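Colleague: For reference, the structure I am asking about is given below.
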């Protein structure tokens, strides 16, 4: 029984696409079979790094302020301005900030509706109340 296939869309240089078309035609095979064979060979030979290692090479899910600033290519102060304004989701643990990589990437993509932020995130009504009460002291 043949293995179930899934669709894969990739962009490759036009010259490589022409080579793939030509090779598939000359061999009388489909491009998907050629790509599958090439990928299988490369993985078996260890030529594609990181794929066989899986989640161990995945980036940290929780970021420090400095790690987030590096990810966003901003300085720490620019990130803190966005955190304190409620624009960027983060949680404070004692004197340190922590950020969910997924929440930050959602924010960056524009998928961060404020009503979906969990309690305790910067910018929620509770953090504004705390900020106001501290300022008033």
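No value in this document is a laboratory result; all are computed from the given coordinates. All of these numbers come straight from a predicted model, not from anything done at the bench. Every residue, glycine among them, receives a Cβ derived from its backbone with ideal geometry; neighbour counts consider all protein chains shown.
Colleague: Which order do the peptides 74-84, 37-47 come out in when sorted by mean C-beta neighbours inside 10 angstrom, highest first?
Modeller: Details: 74-84: 15.2, 37-47: 10.9.
Going from most to least packed, we get 74-84, 37-47.
Colleague: Using the alpha-carbon centroid of each, what span in Å lies between segment 74-105 and segment 14-44?
Modeller: 45 Å
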